[in-house]
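The values are calculated or read from the model by the stated rules, or taken from the named source; none is laboratory data. On a predicted model such as this, the values are computed, not experimentally measured, just so you know. Neighbour counts run over all protein chains shown; Cβ positions are idealised from the backbone, glycine included.
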Amino acid sequence: MVDLKQNVQYVKSVGPAKVPLLNSLNIYTLEDLLTYFPREYEDRSKIKNIADLIDGEEVTIIARVVSEVNINRIRKNMVIVKTVAEDETGKCILTWFNQTYIKQHIKRGESYKFFGKVTNELNHIEIKNPVFDKIEITKNTGKIMPVYPSTYKLSQTAIRQAMQNALNMINSKIQETLPEYLLSEYNLLGIEKSLNEIHFPTNLENRLQARKRLVFEELLTLQLALLELKGNNKKEKGIEFNKNVKMSNIINKLPFKLTKAQLRVLEEIDKDMESKKIMNRLLQGDVGSGKTVVAIISAYKAVKSGYQVAVMAPTAILATQHKEEFNKILKPLGIRCELLLGATTVKNKKEILEKLHNGEIDVLIGTHSLLTENVIFKNLGLVVTDEQHRFGVKQRTNIISKGNNPDTLVMTATPIPRTLALILYGDLDISIIDELPPNRKKIETYAVTKKMEERINNFIKKNVDEGRQVYVVCPLIEEKEGEEEKNDLKSVKEWTKIYSEQIFPEYKVDYIYGKMKQKEKDEVMKKFKNGEINILVSTTVIEVGVNVPNANIMVIENADRFGLAQLHQLRGRVGRGEYQSYCILKYNSKCSQIGKERMKIMQETNEGFIIAEKDLELRGTGEFFGTKQHGIPEFKIANLFIDMPMLKSVQSVALKIESEDPGLTLEKNKLLRKLVKEKLNQSISL
């Protein structure tokens, strides 16, 4: 059997120069390479006559070269190579740029297969930069070719060559990964044939069959892993919190009324907390729907029942904000909240850890710093993780292990369509806050191009003069040397300069970005909250949770560069106070159709769940569920928008297997056990 975990450097044609390039695509092992699937295919197997060629299409022709190959040097770095070829229906010009070697490989009077993009203007037919083969060879033409997601330094040819060599290494030497009974019952191809056909399909039907098998395996493994996590929770006995500690005691003291949705969710949490089972609940709610208050009320019940609470947030800014909000409501009730950050001084940290261990702190709020070994609770009963997609399974398990089967409340403002959430978060029960507080005004959203710039700046000036504040979000921190996509993207520092020197020299403009020192970030946010900064230029670091009620305008530069879900999250940073709020999406009028569609959707709806459905539809799950945005397992091949029917059927297969063999201990499920074990060992947010 071949070792799939061996370093990709041992694959033939992958030299030392290509290893770092493959690594940049997250390809480190032979297995990573084999499961780096094509994003699309070029069908080079169908031959067309020259007379039938259509402008803009990519085609294969068989044609005889009828002129010499001419080389014209246009300028220093531009050489054009041209020849003419014909078939029985017509003639065609073949053009290559900066490829002088063509002259050695193409001979007048000989026939070849050419594949490339057609330009057909007024019957002047040309194919630019075609790849070609001699008639009897099918290296570049005459078959279906995979197209891989790539980096500009790594050509498709290089990836295809490495992939072909990797497949040669495993042929007849790879172990099947699914049990025989599943392959036969669901009519699935074997693993070896699936990998060969997904990369280099012999025909389209075989490609579909290969994809079906690989998607089935990926989704089944995920579902079985989730069921195992859920099963483990069911086996353990949880904490039964005190039934005499009523949530209504704190609800009635709040200076505002909770929504029906919040009350419904609290009822579900209360029931969980008082039961014998371990609560493992996902709380989904749009930006500003009031999830934090639900967490505070749940913490009240835990503390008054004699337990401690851990609240973990992904950033120091958000953790600090939580501390303020928890304190506001819980301090008057005698509940002691404390904050632990990476930046907490050694002296303070020591004091906090002692108090925590002695039970003198009831609620500890912090970032990843809560995960360190020296954080020891006296009696941890409830764990709250905010924006849970930023934390992996291992991190969640780590914080939970600091108590004796504590209850867990996982919160996220990242809207995930309900059907998807039910399947993806199979180890969690789900609560959804699906209404906003009654005093929240709809955020007016406008998508604008450069033509509207002056009008927008006047509008910002009017609001700032009235005492409001503004966020400006841009995609890049700083330009990298030689970066290809410089275009009109400006870094945070450059935008700050533009806003402070050119557009609004009369206002206080500052910036914040992810890699700043924590102390600096906190200082800037504090100044912004206190109204000492009029305009704050930022990366998406402000996407999660920051609450500045006086900020009522969100300007997003190059908005077409962001995903829908992220745009929606950013928009939710305003509209938190009494003032009418606005989100201004500046986009490039030449952006893609998908970019324009996003702008349209953002203007039409403020509802996170509708936006999530649309985002999924527009981008598929590759990007939608990419670790950068959600941390939900990044699927190698499944696309939850098109594979939803299979996901549902696979879920029932998983439930059947799990009911017959809960620990996957039967001999027939040995291979499944191995797959699930590997999945659970990955640090993913299931």
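Note on segment 27-140: enclosed strands (runs of 3 or more DSSP E) holding 1 or more residues that are of a type outside the set (Val, Ile, Thr) and either in contact with a Pro (Cβ under 8 Å, 6 or more places away or on another chain) or under 30 Å from residue 637 (Cα atoms) (or both) are 40-43, 58-65, 90-97, 111-121, 124-134.
Could you tell me whether segment 272-283 includes any residue that is under 30 Å from the mean Cα position of the chain (by Cα), of a type in the set (A, V, I, L, M, F, W, C) and part of a strand (DSSP E or B)? Yes, segment 272-283 has at least one match.
For segment 292-308, a residue qualifies if it is of a type in the set (Lys, Arg) and either surrounded by 24 or more Cβ atoms within 10 Å (Cβ to Cβ) or in a loop (DSSP other than H, G, I, E, B) (or both), and exactly one does: 301.
How about segment 492-527: which of its residues are surrounded by 20 or more Cβ atoms within 10 Å (Cβ to Cβ) and more than 29 Å from the chain's Cα centre (by Cα)? Once the filter is applied, which keeps residues that are surrounded by 20 or more Cβ atoms within 10 Å (Cβ to Cβ) and more than 29 Å from the chain's Cα centre (by Cα), segment 492-527 yields 499, 509. Within segment 324-378, if we keep just the residues that are among the β-branched types (Val, Ile, Thr) and assigned to a helix (DSSP H, G or I), the residue that is modelled with the lowest pLDDT turns out to be 346. Of everything in segment 428-475 that is part of a helix (DSSP H, G or I) and touching a strand residue (DSSP E or B) at 6+ places or on another chain (Cβ under 7 Å), the residue that is surrounded by the fewest Cβ atoms within 10 Å (Cβ to Cβ) is 456. A single entry from 329, 269 fulfils the requirement of being within 30 Å of residue 443 (Cβ to Cβ) and surrounded by fewer than 22 Cβ atoms within 10 Å (Cβ to Cβ): 329. Restrict the check to segment 395-414 and report whether at least one residue is at pLDDT below 80 and closer than 25 Å to residue 611 by Cβ. Yes. Selection of segment 341-360 for residues being without any contact (Cβ under 8 Å) to a residue 24 or more places away in the chain, surrounded by 12 or more Cβ atoms within 10 Å (Cβ to Cβ) and either more than 19 Å from residue 316 (Cα to Cα) or not β-branched (Val, Ile, Thr) (or both) yields 348, 349, 350, 351, 353, 354, 355, 357. Residue 288 meets each of the listed conditions (1) more than 21 Å from residue 321 (Cβ to Cβ); (2) among the small types (Gly, Ala, Ser); (3) in contact with a Gly (Cβ under 8 Å, 6 or more places away or on another chain) apart from (1). Within segment 276-289, the presence of a residue that is crowded, with 21+ Cβ neighbours inside 10 Å and modelled with pLDDT of 95 or more is excluded. Consider residue 572 carefully, then state whether it is touching a helix residue (DSSP H, G or I) at 6+ places or on another chain (Cβ under 6 Å) and either among the small types (Gly, Ala, Ser) or at positive phi (or both). Considered against the rule, which asks whether it is touching a helix residue (DSSP H, G or I) at 6+ places or on another chain (Cβ under 6 Å) and either among the small types (Gly, Ala, Ser) or at positive phi (or both), residue 572 comes out as no.
Considering every residue within segment 72-93, establish whether at least one is more than 27 Å from residue 167 (Cα to Cα), in contact with an Asp or Glu (Cβ under 6 Å, 6 or more places away or on another chain) and free of Cβ contacts under 8 Å to residues at least 60 places away in the same chain. Yes - at least one qualifying residue is present in segment 72-93. Looking only at residues in segment 255-269 that are of a type outside the set (Val, Ile, Thr) and touching a helix residue (DSSP H, G or I) at 6+ places or on another chain (Cβ under 7 Å), the one that is farthest from residue 385 (Cα to Cα) is 258. The residue pairs whose first member lies in segment 546-557 and is of a type in the set (Asp, Glu), whose second member is assigned to a strand (DSSP E or B), and whose beta carbons are closer than 6 Å, counting only pairs six or more residues apart or on different chains, are 557/586. Being among the hydrophobic types (A, V, I, L, M, F, W, C) and in contact with a Pro (Cβ under 8 Å, 6 or more places away or on another chain), is that true of even one residue in segment 209-218? Yes, segment 209-218 contains a residue that is among the hydrophobic types (A, V, I, L, M, F, W, C) and in contact with a Pro (Cβ under 8 Å, 6 or more places away or on another chain). Scanning segment 134-167 for residues that are free of Cβ contacts under 8 Å to residues at least 40 places away in the same chain and of a type in the set (S, T, N, Q) turns up 138, 155, 156, 157, 164. Does segment 504-511 include one or more residues that are assigned by TED's automatic domain parsing to the domain that holds residue 587, assigned to a loop (DSSP other than H, G, I, E, B) and modelled with pLDDT under 90? The answer is no; no qualifying residue exists.
Just one of the listed residues (80, 106, 62, 102) is farther than 25 Å from residue 136 by Cβ and surrounded by 14 or more Cβ atoms within 10 Å (Cβ to Cβ), and it is 80.
Within segment 305-316, residues that are touching a residue at least 12 places away in the same chain (Cβ under 8 Å) have Cβ atoms under 6 Å from residues that are hydrophobic (A, V, I, L, M, F, W, C) and assigned to a loop (DSSP other than H, G, I, E, B) in these pairs: 305/241; 305/245; 308/377; 316/341, counting only partners at least 6 apart in sequence or on another chain. All conditions in (1) part of a loop (DSSP other than H, G, I, E, B); (2) under 21 Å from residue 399 (Cα atoms) hold for residue 289, with the sole exception of (2).
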